[in-house]
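Novice: If you scroll down you'll find the structure; I have some questions about it.
The values are calculated or read from the model by the stated rules, or taken from the named source; none is laboratory data. Just so we're clear, the structure is a prediction, and the values are computed from it rather than from any experiment. Positions of Cβ are generated from backbone atoms using ideal geometry, with glycine treated the same way; all protein chains shown enter the neighbour counts.
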Amino acid sequence: MKYLDTGAMYRAVTYEAMLRDLDLDDQENITLMAQECDLHVGIDRVIINGHDATTAIRGPEVTGNVSKVAANSGVRTEMRIRQQEWATAHGGGVIEGRDIATVVFPDAVLKVFLTASPEVRAQRRVDQHGGNVSEIAAAIAERDLLDSTRADSPLASSSDSVIVDTSDRAIDDVVDEIEKLFIERNM
C-alpha cells in the first residue's frame, strides 16, 4: 500500500528552517523556503534539500517547533498542493495527517480519525525512541491544543469520519477494522 506521512512534511520544513537558523515567526520567509525546497517523504526516509532528516524530524527540537511552522498558511497551502500531487501521482493511497479528511481530501472514500490518549501516545513514542512518558504526554497534549485551535486547517475530525480510538487496542486489530471499513466503502 502506498503511504504518505504528511506530518513528516511539516517536520521536514521545520527542520530545514531551523537548520538555516530562520526566524520561525517570519511567515513570508518560511513560506518561500517551503515552496522552493526539494522534499521527498518515503516510508522510511525523509530527505529535504539533500539532507537526510529522518531522525532529526522526530527529535525534541523539531517537535517543539513544528506546530508554529504548521500554523503558517503559506506553508499549509504548499504542503496541501504537494499532498494532492502525491495522491494523483500514486493513484491514491493511505495519507496520514491532521487535516487530511477535512481540508486536503474532503471527498475521500474512507476517512478515519485515529485517536488515543496523550499518555498512550507518549508511551508508544517512548517505546520507539525513549524519553520520559510524563514530559512527552504533556508535549503531545500541548501540540494537540495548538493544532486544534489554529486558524488554518485545524486538527479536527470531519462529520463523516469514522473515529477509531486505539488506546487499548493492538495494531493488528486496528488495521483489521480499517481494512473492513475500506472494503465496505468500496462494495
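Novice: Of the numbered conditions (1) touching a helix residue (DSSP H, G or I) at 6+ places or on another chain (Cβ under 7 Å); (2) under 30 Å from residue 29 (Cβ atoms); (3) outside any loop (DSSP other than H, G, I, E, B), residue 85 fails exactly one; give the number of that condition.
Specialist: (1)
Novice: With respect to residue 118, determine if the residue is modelled with pLDDT under 95 and over 30 Å from residue 179 (Cβ atoms).
Specialist: no
Novice: Kindly list the number of the only condition in (1) under 15 Å from the mean Cα position of the chain (by Cα); (2) buried (at least 20 other Cβ atoms within 10 Å of the Cβ) that fails for residue 77.
Specialist: Only one criterion in (1) under 15 Å from the mean Cα position of the chain (by Cα); (2) buried (at least 20 other Cβ atoms within 10 Å of the Cβ) is unmet by residue 77, namely (2).
Novice: Hey, another quick one. Has segment 90-110 got at least one residue that is among the small types (Gly, Ala, Ser) and modelled with pLDDT of 95 or more?
Specialist: Within segment 90-110, none of the residues are among the small types (Gly, Ala, Ser) and modelled with pLDDT of 95 or more.
Novice: Residues that are more than 24 Å from residue 1 (Cβ to Cβ) and in contact (Cβ under 8 Å) with a residue 40 or more places away in the chain: which helices (runs of 4 or more DSSP H) entirely in segment 97-187 hold 1 or more of them?
Specialist: 118-129, 133-149
Here is a yes/no grid of residues against (1) in contact with an Asp or Glu (Cβ under 7 Å, 6 or more places away or on another chain); (2) of a type in the set (Gly, Ala, Ser); (3) farther than 30 Å from residue 161 by Cα:
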residue: 6; (1), (2), (3): yes, no, no
residue: 22; (1), (2), (3): no, no, yes
residue: 75; (1), (2), (3): no, no, no
residue: 85; (1), (2), (3): no, no, no
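Novice: Restricting to segment 20-58, what's the tally of residues that are surrounded by 14 or more Cβ atoms within 10 Å (Cβ to Cβ), part of a helix (DSSP H, G or I) and not polar (S, T, N, Q)?
Specialist: 7
Residue by residue, here is whether (1) touching a helix residue (DSSP H, G or I) at 6+ places or on another chain (Cβ under 6 Å); (2) small (Gly, Ala, Ser); (3) not assigned by TED's automatic domain parsing to the domain that holds residue 38 holds:
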site	(1), (2), (3)
90	no, no, no
111	yes, no, yes
123	yes, no, yes
129	no, no, yes
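Novice: Something else now. Condition test on residue 11, is it modelled with pLDDT of 95 or more, surrounded by 13 or more Cβ atoms within 10 Å (Cβ to Cβ) and of a type in the set (D, E, K, R)?
Specialist: yes
Novice: Could I ask something else about it? Could you identify the single residue in 176, 160, 168, 152 that is among the acidic types (Asp, Glu) and in contact with a helix residue (DSSP H, G or I) (Cβ under 6 Å, 6 or more places away or on another chain)?
Specialist: 152
Novice: Would you check which residues across segment 29-85 are among the basic types (Lys, Arg) and closer than 18 Å to residue 142 by Cβ and list them?
Specialist: 58, 68
Novice: A further question on this structure: Report yes if residue 164 is more than 20 Å from residue 78 (Cα to Cα) and either in the same structural domain as residue 9 (by TED's automatic domain parsing) or surrounded by 15 or more Cβ atoms within 10 Å (Cβ to Cβ) (or both), otherwise no.
Specialist: So residue 164 passes the test.
Novice: A follow-up question, please. Please work out which one of (1) under 20 Å from residue 81 (Cβ atoms); (2) loosely packed, with under 12 Cβ neighbours inside 10 Å is the condition residue 3 fails and give its number.
Specialist: Going through (1) under 20 Å from residue 81 (Cβ atoms); (2) loosely packed, with under 12 Cβ neighbours inside 10 Å one by one, residue 3 breaks only (2).
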